[in-house]
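Beneath this line is the structure, given in structure tokens, with notes to follow.
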Amino acid sequence: MSVTAEYQKKGALYDTLSQSPTMRHFGDINQAGKRMELMFARPEIETPSGLKAASVLTSVYNESKFRTILPKLYTSPIETIFCPDPNQGLYCQLLFGLIQRDEVLRVGSLFASTVLRGIKFLENHWQELSYDIKTGRLSDWITDSGCRNAASLVMKPNPEQADLIENISNCKSWEGIVTKLWPKARYISCVCTGVMRQYIAELEFYCRGLPLVSTFYACSEALCGINLEPLCKPCDVSYTFLPNMAYFEFLPVENDHDESIEMKRNDEDTELVDLVNVKVGQCYELVVSTCAGLYRYKVGDVLMVSGFYNNAPQFQFVERKNVILNVDQEKTSETDLFKAVIEAKALLDPLGFILTEYTSYVDTSSAPGHYVLFWEIKGKEGKHCKELDPKIMVECCTRMEESLHYTYKIYRKRNIIAALETRVVKQGSFEALMDYYVSKGTSLSQYKKPNCIKSEEALKILDSRVIGKYFSPKSPL
Ligand code: AMP
């Protein structure tokens with residue numbers, strides 16, 4: 001996506017507008033304290049034309065305005081954001097966040113998954129971090145010179161702070177840990193809608209007592225909407241579109257299971273609807289034309305109109321288009337799968353187990369093909385997922401099949417699709433998946449775990465960590 005001066009001007013305006021609702025509710029945190037925000041830049045590349053190319057966040061972190069405000073408003077020094085090794089960068093950002101814990105008024109990252117990654121990293125490294133704070137020395141494995149220089153400027157032995165952090169962290173349950181470690185934090189800022197909604201329960205556990213705020217809906221292609229009700233529940237968040245950010249049009253989307261596949265019209269036959277003409281309750285695919293040169297570009301997001309603010313429509317994020325499991329044209333969408341997983345995971349919750357991550361793929365290596373779900377499960381309060389009764393996992397498979405749509409169930413009954421399989425993977429498997437995508441060039445800040453795996457290599461990463469396989473024993477109809 002080209003970035004022009006006009007686009008950057010819009011970016012600055014968008015930034016101000018998107019922050020004003022949170023300021024209204026939580027006060028102007030810029031004046032009173034700092035943000036502990038996990039941020040990761042990727043190296044820029046130079047295109048054959050000589051123009052620089054970078055991920056959208058990297059360009060933001062490179063702007064001189066951002067670099068000027070960084071030390072005053074954020075706990076992370078610029079060197080930790082640009083550290084080429086994301087794990088070293090993360091360690092240092094947590095360290096700086098802990099050192100300045102009494103000043104932190106907001107904790108967050110762009111997406112919920114990155115915040116969780118940070119908390120889990122902290123769970124594995126808090127002893128080392130508090131040791132560093134106690135001695136005022138940075139661990140030896142942090143070899144990046146930028147990070148070491150930044151640390152040498154602020155670190156000095158602080159045994160008192162280290163003891164406090166150790167006492168807080170050294171407890172059986174990490175429920176509400178963020179609130180305890182950053183006692184002045186007023187809210188958690190990260191996108192919790194769309195593919196990120198699967199992390200809400202776990203984030204609420206760690207951040208108990210603090211509101212989770214999804215501030216905006218934007219993509220690399222265009223800046224789109226802002227959340228005017230920061231205090232509303234993450235599952236009810238709507239984004240009010242800002243008509244001056246891009247020219248927005250909408251392609252009506254029907255539910256795939258409402259009509260037969262043969263009857264469905266092609267996108268080419270469907271007329272685009274203007275922003276002012278969208279109807280409440282209808283789902284649309286977003287199409288943008290921008291001042292940076294995109295013309296009727298399909299973003300690939302499906303949104304539902306939830307209401308209006310004055311005349312500006314408000315949208316709830318529904319799903320990514322085309323993220324589907326498909327054995328034989330039954331087309332299971334991201335939302336279908338999410339609903340089925342929610343139903344099944346309800347069986348685990350009362351037993352003291354949490355489903356922390358999931359993804360899926362269609363296995364067609366044998367006929368008929370079947371759905372495979374990878375689940376990472378965590379036991380509450382020291383429980384190990386090995387203690388989980390296999391019968392419950394089989395029941396989860398059944399529950400998922402029962403919760404899927406009618407076409408799926410009919411196909412199962414007719415043996416066009418074979419029994420759904422759940423593969424439980426060991427702790428840390430999804431972190432390894434994230435590491436794999438980051439090693440391939442994905443920015444850790446903009447990483448979105450795929451809900452459906454297509455890459456052979458990614459599949460291998462999960463398959464090599466499977467600790468249990470379970471199948472649904474009977475057809476759901
Ligand atoms: P990127 O490619 O990193 O620019 O990510 C843009 C994509 O992230 C969008 O097209 C959406 O699919 C997703 N996204 C961004 N903001 C939100 C949000 N507030 N809620 C749900 N999904 C979002």
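No lab work stands behind these numbers, since they all come straight from the coordinates. Predicted model only: the values in this text are computed from it and were never measured. Here Cβ is always computed from backbone atoms with ideal geometry, including for glycine, and neighbour counts include all displayed protein chains.
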| remark: For region 193-242, averaging the sequence separation of alpha carbon pairs under 8 Å that lie six or more residues apart and dividing by its residue count, the contact order in percent is 33
| CD proxy at 222 nm, helix term only [per DSSP H run n ≥ 4: -39500 (n - 2.57); per residue of the chain; nearest 500] | -11000 deg cm²/dmol
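Can you count the Lys pairs in region 1-81 whose Cα atoms are under 17 Å apart, with each pair 8 or more apart or on different chains?
Lysine pairs meeting both conditions in region 1-81 amount to 4.
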| task | Would you mind telling me the antiparallel percentage of the DSSP bridges in the chain, rounded to 5? | result | 70
| task | Compute the distance in nm between two label points, each set 7 Å from the Cα along the Cα-to-Cβ direction, one at Lys413 and one at Glu44. | result | 6.1
| Counting alpha carbon pairs within less than 8 Å and at least 6 residues apart, what relative contact order, in whole percent, applies to the chain? | 13
| request: Please list, in chain and number order, the residues 5+ apart from Tyr187 or on another chain whose amide H is under 5 Å from its amide H, with Hs placed from the backbone. | output: Val107
| said: Need the C-alpha centroid separation for region 33-96 versus region 277-348, integer Å. | reply: 30
| With charges only on Cβ, +1 for K and R and -1 for D and E, what is the dipole size of region 413-453 about its Cα centre, in debye, rounded to 20? | 260
| task | Mind giving me the nanometre distance, one decimal, between the label points for Glu128 and Ser455, set 7 Å out from Cα along Cα→Cβ? | result | 2.4
| said: Report for region 1-144 the percent antiparallel among DSSP-assigned beta bridges with both residues inside it, nearest 5. | reply: 25
| How large is ³J(HN,Hα) for each residue in region 380-392, as worked out from phi by the Karplus curve 6.51 cos²θ - 1.76 cosθ + 1.60 (θ = phi - 60°), to whole Hz, x for Gly and Pro? | 6, 6, x, 5, 9, 5, 5, 6, 6, 5, x, 4, 5
| message | Could you give each residue of region 442-458 its phi-based ³J(HN,Hα) in whole Hz, using Karplus coefficients 6.51, -1.76, 1.60 with θ = phi - 60°, and x for Gly or Pro? | response | 5, 7, 4, 5, 9, 5, 10, 4, x, 7, 9, 8, 10, 7, 4, 5, 4
| Not counting the cut sites, what is the longest span of the chain without chymotrypsin sites (Phe, Trp or Tyr not before Pro) that DSSP labels loop and that have at most 14 other Cβ atoms within 10 Å? | 296-477
| What's the center-to-center distance, using Cα atoms, between region 3-23 and region 448-472 in Å? | 39
| message | Taking loop as defined by DSSP and a crowding limit of 14 other beta carbons within 10 Å, which trypsin sites (Lys or Arg not before Pro) in region 282-323 fit? | response | Arg296
| If you average the sequence gap of Cα pairs under 8 Å that are 6 or more apart and divide by the length of region 329-378, what percent do you get for the contact order? | 29
